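**Student:** Next up is a structure, given as C-alpha cells.
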Protein chains: 2
Amino acid sequence: MLLQKHRKTMNTHSPILMQRREFLFATISAAFASASGMPQCLCGADKPAPSSPMNPRLHTFIGGSAGPWAVTLCKAVTGGPLPAIQRLDIRNAAVPVLPEGAQWMLRGVTSNERYATREEKTQLVANQTGLGRPEATHAALIPIRKNATWWALTQDERRAIFEDRSRHTATGLKYLPAIARRLHHCRDLGESEPFDFLTLFDYRPADANAFEDLVSALRGTEEWKFVEREVDIRLVRDGQ
Amino acid sequence: MLLQKHRKTMNTHSPILMQRREFLFATISAAFASASGMPQCLCGADKPAPSSPMNPRLHTFIGGSAGPWAVTLCKAVTGGPLPAIQRLDIRNAAVPVLPEGAQWMLRGVTSNERYATREEKTQLVANQTGLGRPEATHAALIPIRKNATWWALTQDERRAIFEDRSRHTATGLKYLPAIARRLHHCRDLGESEPFDFLTLFDYRPADANAFEDLVSALRGTEEWKFVEREVDIRLVRDGQ
C-alpha cells in the first residue's frame with residue numbers, strides 16, 4: 001500500500017511532510033469515493049492522486065508581482081494592513097505554495113447565502129451579472145473580519161442589522177448590474193484565517209463613482225460597526 | 001530564510017510535499033501575526049512552527065481501532081455507508097496523518113448558529129449542558145449531507161422548513177438537558193468533504209430511549225427529506 005511505502009522511504013526526510021501527504025491522499029480517496037458512489041471515507045488510497053481533491057468553490061487570491069490585475073491601492077480601512085503588492089492573481093483552486101514573488105495569499109469559498117430571502121434573491125438574480133465582463137476593467141478585493149460580538153448574535157439579530165437596519169442587499173441591488181460581486185467565506189475553513197469574508201467586485205471605469213458610493217454607503221451602516229478589520233484593494237486590468 | 005533552505009534541500013525528494021510545507025508555514029505565519037496584532041498575511045515565515053496553526057474550532061473524528069469510544073453500531077441510514085470500525089477517537093485538533101489502524105477521518109468546525117432566534121437561543125442556553133458529563137457514557141456521531149436542492153433554498157425558506165415546519169430546535173429542546181449535542185460544519189472547509197454536518201450527542205444509558213425518540217422525530221420531518229446521506233454511529237465509553 002502506498003501509505004506504507006511512503007512511511008518507509010520518506011520518514012527520515014520529514015515526518016511532517018509525509019503525514020501531510022498521507023492526509024492529502026486520504027482526502028483524495030474520499031473525493032474519489034464520493035464521485036463514484038462508493039462508500040466514502042478519509043482513508044488511505046493505493047492509487048496516484050487525481051488532479052484536484054479541493055473544494056471547487058475554493059478561490060485563492062495571490063498578492064505579489066504577478067497576475068492580470070495591477071494594484072492601484074492597498075489600504076487598511078480598519079485594523080492592520082496587508083503588505084503592499086504590485087499585482088493580484090485570482091485562481092479558482094487551492095494554491096499549496098506561495099508563488100515566487102508573492103507577498104501573501106488569501107482563500108475563501110463561495111457558499112449558500114446567509115441572509116437573502118427568496119424575494120431578495122429573485123431580484124438579485126434578475127439584475128446581477130457575473131464577474132468577468134470584458135468591459136469591467138476595474139475591480140476591488142475587500143477582505144473584512146467581523147468582531148466576536150457579531151458572531152455571538154443570533155440569526156434573527158444578524159439579519160435585522162444586516163438588512164432591516166443596514167439595507168445591505170437593498171443597497172447592493174441599487175448598483176446592479178453595473179457592479180458585479182462574488183462573496184467568499186473564510187471563517188469556517190479548516191485553518192485559521194485572518195479575514196471572515198473576501199468580496200471581489202468588478203465594474204466599468206464609467207461606474208467607478210458608483211462603486212465609491214456603494215462602498216461608502218455600506219461603511220456608514222450599523223453592520224459596519226462590527227467590522228474590526230477591513231482592507232481595500234483596488235485593481236485595474238492590464239492595458240486599461 | 002527557512003523556505004529557501006527547504007527548497008534547496010528537499011526539492012529532489014518531493015516538490016509536492018515541500019510545497020505543502022511552505023503553505024503550512026505561510027498559514028502559521030498568518031496565525032502568528034493575527035495573535036500579535038501585526039499585519040497579517042499568508043506569507044513565508046522564518047521561524048519554526050508553533051504547535052497549532054489550525055482553527056481551534058476544528059474537531060477530527062477518527063474511526064478505527066483506538067480511542068475511548070467503543071462502536072456498537074455503524075449503519076448507513078441514507079446513501080453510502082462508512083467502513084466498519086471498532087472504536088472512535090475524537091480530537092479537538094487537526095490530525096494530518098491517518099493513525100495506524102484507523103479506517104477513516106472526518107472533520108468539522110463548530111460555528112455560529114444558522115437558524116436559532118434569540119428567544120430559542122436563550123432557551124437552549126438555559127437548559128443545555130456541554131458534552132462530557134461523567135455519567136454520559138453513551139454517545140452517537142451522526143454525519144449527514146443535505147442535497148443540492150436544500151443548498152439552493154434561501155435563508156427564509158430553509159428556516160421555514162428547519163423550524164416552522166420541522167421543529168428542529170423545539171424538538172431538541174424537549175430532550176434537554178438529558179441529550180447534549182455539538183454540531184460541526186464541514187461544507188465550507190477548504191477541501192471537499194463527504195458530509196455537510198457531523199453532530200455528536202452524549203447521554204446517560206437511562207436516556208437511551210429518549211435519544212431514539214429524538215432521532216426518530218427528526219428523521220420524520222420535512223427537513224430530513226433533503227438529507228441525501230446519513231450514517232448513524234453509536235458509541236459506548238469503555239467499561240460501561
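The values are calculated or read from the model by the stated rules, or taken from the named source; none is laboratory data. No experiment lies behind these values; they were computed from the predicted model shown. Cβ placement follows ideal geometry from the backbone for every residue including glycine, while neighbour counts extend to all protein chains displayed. Just the protein is used for accessible areas: all its heavy atoms, side chains included, with ligands, DNA and RNA removed. Shrake-Rupley method; radii C 1.70, N 1.55, O 1.52, S 1.80 Å.
**Student:** Would you confirm, using the coordinates I've provided, whether A:Val97 is within 21 Å of B:Ser192 (Cα to Cα), touching an Asp or Glu at 6+ places or on another chain (Cβ under 7 Å) and modelled with pLDDT under 95?
**Tutor:** yes
**Student:** Right, something else. With the requirement that a residue be buried (at least 16 other Cβ atoms within 10 Å of the Cβ) and either without any contact (Cβ under 8 Å) to a residue 40 or more places away in the chain or at the interface with another protein chain (Cβ under 10 Å from one of its Cβ atoms) (or both), what does the stretch A:69-79 give you?
**Tutor:** Once the filter is applied, which keeps residues that are buried (at least 16 other Cβ atoms within 10 Å of the Cβ) and either without any contact (Cβ under 8 Å) to a residue 40 or more places away in the chain or at the interface with another protein chain (Cβ under 10 Å from one of its Cβ atoms) (or both), the stretch A:69-79 yields only A:Gly79.
**Student:** Turning to a different aspect of this structure: I'm checking my understanding of the structure. Among residues of the stretch B:182-203 that are of a type in the set (A, V, I, L, M, F, W, C) and part of a strand (DSSP E or B), which one is most open to solvent (accessible area, probe 1.4 Å)?
**Tutor:** Per the stated criteria, the residue is B:Leu183.
**Student:** Working carefully through the options B:Glu222, B:Glu212, B:Glu163, B:Glu230, find the one that is loosely packed, with under 15 Cβ neighbours inside 10 Å and either among the β-branched types (Val, Ile, Thr) or in contact with a helix residue (DSSP H, G or I) (Cβ under 9 Å, 6 or more places away or on another chain) (or both).
**Tutor:** On inspection, the qualifying residue turns out to be B:Glu222.
**Student:** Still on this structure, I have one more. Check off (1) within 12 Å of chain B (Cβ to nearest Cβ); (2) open to solvent by 50 Å² or more (accessible area, probe 1.4 Å) for A:Ala66 and give me the number that stays unchecked.
**Tutor:** With respect to (1) within 12 Å of chain B (Cβ to nearest Cβ); (2) open to solvent by 50 Å² or more (accessible area, probe 1.4 Å), A:Ala66 is out only on (1).
**Student:** What number goes with the only condition from (1) of a type in the set (D, E, K, R); (2) open to solvent by less than 40 Å² (accessible area, probe 1.4 Å); (3) closer than 21 Å to B:Tyr203 by Cβ that B:Lys146 does not pass?
**Tutor:** Unmet condition: (3).
**Student:** A further question follows. Suppose we filter the stretch A:124-138 for residues that are open to solvent by less than 50 Å² (accessible area, probe 1.4 Å) and either assigned to a strand (DSSP E or B) or closer than 24 Å to A:Glu223 by Cβ (or both); how many remain?
**Tutor:** The number of residues fulfilling the criteria is 2.
**Student:** Residues being of a type outside the set (Val, Ile, Thr) and in a strand (DSSP E or B): count how many of those fall in the stretch B:52-79.
**Tutor:** Number satisfying all stated conditions: 12.
**Student:** Within the stretch B:139-149, can one find any residue that is among the small types (Gly, Ala, Ser), over 25 Å from A:Asp196 (Cα atoms) and in a loop (DSSP other than H, G, I, E, B)?
**Tutor:** For the stretch B:139-149, residues among the small types (Gly, Ala, Ser), over 25 Å from A:Asp196 (Cα atoms) and in a loop (DSSP other than H, G, I, E, B): absent.
**Student:** If we keep just the residues of the stretch B:38-63 that are aliphatic (A, V, I, L, M) and open to solvent by less than 30 Å² (accessible area, probe 1.4 Å), which is modelled with the lowest pLDDT?
**Tutor:** Filtering the stretch B:38-63 for residues that are aliphatic (A, V, I, L, M) and open to solvent by less than 30 Å² (accessible area, probe 1.4 Å), the one modelled with the lowest pLDDT comes out as B:Ala45.
**Student:** While we're here: Quick one: how many residues across the stretch B:80-123 are facing chain A (nearest Cβ under 7 Å), outside any loop (DSSP other than H, G, I, E, B) and open to solvent by less than 30 Å² (accessible area, probe 1.4 Å)?
**Tutor:** So the answer is 5.
**Student:** Sort out which residues of the stretch A:189-236 are within 14 Å of chain B (Cβ to nearest Cβ), of a type in the set (D, E, K, R) and under 18 Å from A:Leu73 (Cα atoms), and write them in order of number.
**Tutor:** A:Arg229, A:Glu230
**Student:** Hey, another quick one. Could you go through the stretch A:130-145 and let me know if any residue there is within 10 Å of chain B (Cβ to nearest Cβ) and not aliphatic (A, V, I, L, M).
**Tutor:** yes
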